[in-house]
There are 4 protein chains.
Amino acid sequence: MRPVDPARQAERVQQILNAALECFREKGFHGAAMSVICRKAGMSPGHVYHYFRSKEDLIEAIIEEDIRRSEERMTTLLGGEDTYQALNDAMSCLWEKLDEGLKGALEGEIMAEATRNPRIAKIVRDREQRFRTMLGDLLKAAQARGSIDPEPDPYGFATLLVELVSALKIADDAGTGIDREQVVEAMRFMLRRCLAPRERQVASRADTP
Amino acid sequence: MRPVDPARQAERVQQILNAALECFREKGFHGAAMSVICRKAGMSPGHVYHYFRSKEDLIEAIIEEDIRRSEERMTTLLGGEDTYQALNDAMSCLWEKLDEGLKGALEGEIMAEATRNPRIAKIVRDREQRFRTMLGDLLKAAQARGSIDPEPDPYGFATLLVELVSALKIADDAGTGIDREQVVEAMRFMLRRCLAPRERQVASRADTP
Amino acid sequence: MRPVDPARQAERVQQILNAALECFREKGFHGAAMSVICRKAGMSPGHVYHYFRSKEDLIEAIIEEDIRRSEERMTTLLGGEDTYQALNDAMSCLWEKLDEGLKGALEGEIMAEATRNPRIAKIVRDREQRFRTMLGDLLKAAQARGSIDPEPDPYGFATLLVELVSALKIADDAGTGIDREQVVEAMRFMLRRCLAPRERQVASRADTP
Amino acid sequence: MRPVDPARQAERVQQILNAALECFREKGFHGAAMSVICRKAGMSPGHVYHYFRSKEDLIEAIIEEDIRRSEERMTTLLGGEDTYQALNDAMSCLWEKLDEGLKGALEGEIMAEATRNPRIAKIVRDREQRFRTMLGDLLKAAQARGSIDPEPDPYGFATLLVELVSALKIADDAGTGIDREQVVEAMRFMLRRCLAPRERQVASRADTP
DNA sequence: TATGAATGAGACTTCATTCAT
DNA sequence: AATGAATGAAGTCTCATTCAT
């Protein structure tokens with residue numbers, strides 16, 4: 001009777017998040033009506049508002065959940081010893097991984113929202129900086145190990161990579177007719193020229209089939 | 001009755017576009033109310049709707065105007081003979097130029113809108129492809145001239161550059177704390193490694209002041 | 001075409017105020033739904049909100065209109081030279097006049113609202129102080145003229161009178177079974193004892209039929 | 001199963017009433033949410049609704065509790081032999097006593113509610129009549145004893161006093177800037193002129209310190 | 001007795017757009 | 001060409017109350 005069942009609570013929260021994500025994907029943050037989200041979550045508005053105080057809170061939760069997943073993905077993909085190889089491997093599944101995260105459309109809206117909503121702004125700023133730092137640290141360590149070229153500024157280059165990937169996702173999702181294969185090739189070329197450890201500068205051409 | 005005065009018409013349209021741009025900048029597409037745009041344009045809603053059938057039309061017009069300006073900018077910046085030098089020079093005024101176009105927030109919203117609105121989608125697709133083609137053609141010609149490295153696929157690399165620049169704008173505007181100097185350095189490094197003509201691969205370091 | 005027709009505007013505003021007053025009377029401030037007020041005013045919500053930015057604004061307008069009318073009534077009733085006589089005459093039409101103003105129920109809600117809503121609080125405070133001052137000035141002048149007893153503090157007594165009248169209205173309207181005749185008699189007695197000019201202290205008994 | 005423990009029940013009811021009173025004071029009847037009252041009472045909504053069938057019931061209980069306390073206060077204050085003296089003494093602690101009862105704001109809401117809600121109406125009517133009768137009886141007896149002036153109609157004057165006191169409370173609480181000292185003086189003056197027993201009509205000035 | 005999850009009607013308000021002049 | 005009055009659907013959120021355990 002009395003015991004607050006945390007499992008049930010978590011389940012409800014997940015139901016709501018799933019419904020919200022689906023709606024946001026289809027209609028965008030402002031196009032998705034709370035009433036529809038509630039219906040899709042199989043709950044009454046009152047109940048949904050018991051778990052999330054406002055639509056904004058829901059949006060924030062969605063973003064934060066995506067951040068968590070993205071971090072995991074990044075750590076898994078680039079965690080190995082041979083960072084250059086890892087980056088190259090990551091290119092192989094670039095689009096596959098991009099499809100897993102939030103839709104590019106939402107990314108666009110999130111960035112727009114960040115311009116005007118301080119709470120979203122903080123979340124986004126933290127996210128971007130964490131990503132840049134994570135990747136930057138990784139590149140720096142790789143340089144120390146000699147597993148990538150020591151010349152580029154690791155943090156500057158990390159920023160470039162993070163933003164580039166984000167842009168590709170958005171552009172692809174917006175249906176701008178990105179040629180995925182072509183882009184992967186270009187990325188590979190760029191990585192080789194910028195990061196390949198000296199001894200692999202020539203051999204590395206073998207990476208590009 | 002009264003003779004149609006095309007000059008007057010064009011003036012009215014510009015008034016509306018200016019007002020709309022200002023509002024969109026401040027509040028975003030969906031945050032900007034038509035009533036406010038009308039007031040700022042110094043016109044009644046009825047009159048504004050005489051020139052634009054809907055808010056969507058207005059948005060489209062704004063986007064198309066921005067495309068025109070961006071094209072001009074790109075042609076001007078990268079038009080010269082020495083494409084590698086031009087790219088490097090462009091880096092010097094990268095942020096300045098980015099501040100001129102539509103706000104990053106709007107870019108984000110446009111991309112999101114493109115996912116759901118076919119007419120916006122078409123405009124955006126055309127824009128992106130035109131930019132990629134323009135820059136790709138430019139790079140290809142430069143390769144032919146020997147003014148940049150002949151190895152990279154000009155169109156793939158063009159896509160990368162276009163999207164990267166777009167992403168930087170969005171991220172910067174969203175207040176993610178981009179270090180503009182650091183990014184410019186990284187871009188320069190990347191350009192040198194990827195595009196610098198062979199004979200300048202070493203000397204090129206002088207480009208980076 | 002163009003000319004903003006102020007007459008029409010004023011008419012619309014009056015329509016809304018009338019509808020609102022009627023609804024507030026029936027249901028109270030918070031019990032009256034804007035949608036009903038709109039319907040009763042024969043206007044769409046959007047239009048009503050064109051004239052009043054919020055329900056609160058509407059409430060304020062209603063209160064302020066009532067204040068204006070009450071002031072007129074007070075000036076008319078007590079304006080004459082023989083203030084004591086005027087007060088006595090006012091007693092004859094006390095209930096009739098009270099029925100003209102806002103309903104007692106609304107008075108109650110206004111006072112409650114004033115406790116929590118600063119804007120209403122200001123309106124109410126100004127109103128009460130103006131009434132007290134008006135009546136106080138009047139009594140003071142009457143004392144100087146010798147047309148009422150010089151002893152009582154005119155402003156303290158004015159406060160008493162103002163509040164007493166307000167209380168009677170509220171209590172009567174709340175259906176507490178006030179005996180109107182009896183109360184008028186008591187008021188007359190009180191006025192005679194407290195305000196009758198010395199020479200009339202005895203003769204005045206003739207006022208009480 | 002479990003034996004009903006009436007003491008425990010009464011305790012629970014008191015908890016609820018205390019919480020409700022506190023909330024009503026702060027937010028008014030309609031501004032106070034049941035959920036907040038429940039939280040403040042340390043009980044679940046389900047449990048609270050076990051003791052009170054509705055918010056209205058709770059309001060009624062609060063009013064009735066206040067009536068009981070007010071009666072006690074009145075009896076205590078005015079119970080003595082020398083009624084005129086007692087009334088004068090009551091003036092000394094008028095505001096202090098007023099602060100003890102329900103807040104003026106609530107009085108306002110109660111009266112408004114009485115206009116529309118028959119059950120509240122009955123409670124309020126009974127209360128007012130009981131107060132008037134109590135005070136009226138008291139004055140009548142005092143007249144018989146010669147401890148106040150025999151002329152005024154005891155019930156009419158009682159009505160006046162009861163309503164006046166109620167109005168002062170409401171007006172004071174609504175922040176209308178009542179000058180408490182000034183009002184007490186005016187009340188004293190009024191009482192002396194209207195109720196002081198003949199022999200004290202002159203001497204009575206000593207009552208006003 | 002006691003919990004807290006769950007409901008759902010309904011409140012206020014906004015805003016793109018159309019209409020009458 | 002130009003106005004601004006007018007519409008009304010739809011949006012977010014609240015809250016008294018009930019239900020299942």
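Only one residue in D:GLU56, D:GLU26 is under 27 Å from C:ALA32 (Cβ atoms), out of contact with any Ser or Thr (no Cβ under 9 Å at 6 or more places or on another chain), within 10 Å of DNA strand F (Cβ to nearest atom) and of a type outside the set (Gly, Ala, Ser). Which one?
D:GLU56
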Single condition D:LEU102 does not satisfy, out of (1) in a helix (DSSP H, G or I); (2) out of contact with any Gly (no Cβ under 7 Å at 6 or more places or on another chain); (3) among the hydrophobic types (A, V, I, L, M, F, W, C): (1)
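I'd like the full set of residues that are of a type in the set (Phe, Trp, Tyr) and under 20 Å from C:ALA112 (Cβ atoms), limited to the stretch D:1-49.
Scanning the stretch D:1-49 gives D:PHE24, D:PHE29.
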Filtered residues of the stretch A:32-71 (kept if within 14 Å of chain B (Cβ to nearest Cβ), buried (at least 16 other Cβ atoms within 10 Å of the Cβ) and more than 17 Å from the chain's Cα centre (by Cα)): A:ALA32, A:LYS55
Residue count, the stretch B:170-202 (criterion: open to solvent by 30 Å² or more (accessible area, probe 1.4 Å) and more than 8 Å from chain A (Cβ to nearest Cβ)): 8
Qualifying residue in the stretch C:2-25 (condition: away from DNA strand E (no atom under 16 Å from the Cβ) and of a type in the set (Asp, Glu)): no
Residue list for the stretch C:102-128, filter: in contact (Cβ under 8 Å) with a residue 60 or more places away in the chain, within 7 Å of chain D (Cβ to nearest Cβ) and closer than 16 Å to C:GLU71 by Cβ: C:VAL124
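For (1) in contact with a Phe, Trp or Tyr (Cβ under 9 Å, 6 or more places away or on another chain); (2) closer than 26 Å to D:ARG192 by Cβ; (3) not polar (S, T, N, Q), each residue gets a yes or a no:
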{"site": "D:SER54", "(1), (2), (3)": "no, no, no"}
{"site": "D:GLU64", "(1), (2), (3)": "no, no, yes"}
{"site": "D:LEU94", "(1), (2), (3)": "no, yes, yes"}
{"site": "D:GLU109", "(1), (2), (3)": "yes, no, yes"}
{"site": "D:LEU138", "(1), (2), (3)": "no, yes, yes"}
{"site": "D:ALA144", "(1), (2), (3)": "no, yes, yes"}
Residues of the stretch C:152-169 satisfying the condition of being at the interface with another protein chain (Cβ under 7 Å from one of its Cβ atoms), open to solvent by less than 30 Å² (accessible area, probe 1.4 Å) and part of a helix (DSSP H, G or I): C:GLY156, C:PHE157, C:THR159, C:LEU160, C:GLU163, C:LEU164, C:ALA167, C:LEU168
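Counting only residues that are touching a residue at least 12 places away in the same chain (Cβ under 8 Å) and more than 20 Å from C:HIS30 (Cβ to Cβ), how many does the stretch D:40-56 have? Write out each step before concluding.
Step one: list which residues in the stretch D:40-56 are touching a residue at least 12 places away in the same chain (Cβ under 8 Å), which gives D:40-43, D:47-48, D:51-52, D:55-56.
Checking the rest, the ones that are also more than 20 Å from C:HIS30 (Cβ to Cβ) come to D:40-43, D:47-48, D:51-52.
Qualifying residue count, the stretch D:40-56: 8.
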Hits in the stretch D:72-86 - residues which are more than 26 Å from D:GLU113 (Cα to Cα) and open to solvent by 30 Å² or more (accessible area, probe 1.4 Å): D:THR75, D:THR76, D:LEU77, D:GLY79, D:GLY80, D:GLU81, D:ASP82, D:GLN85
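The values are calculated or read from the model by the stated rules, or taken from the named source; none is laboratory data. The model shown is predicted, which means the values in this text are computed figures rather than measured ones. When we count neighbours, we look across all protein chains shown, and the Cβ atoms used for this are built from the backbone with ideal geometry, even at glycine. Surface accessibility is based on the protein's heavy atoms, side chains included, excluding ligands, DNA and RNA. Shrake-Rupley method; radii C 1.70, N 1.55, O 1.52, S 1.80 Å.
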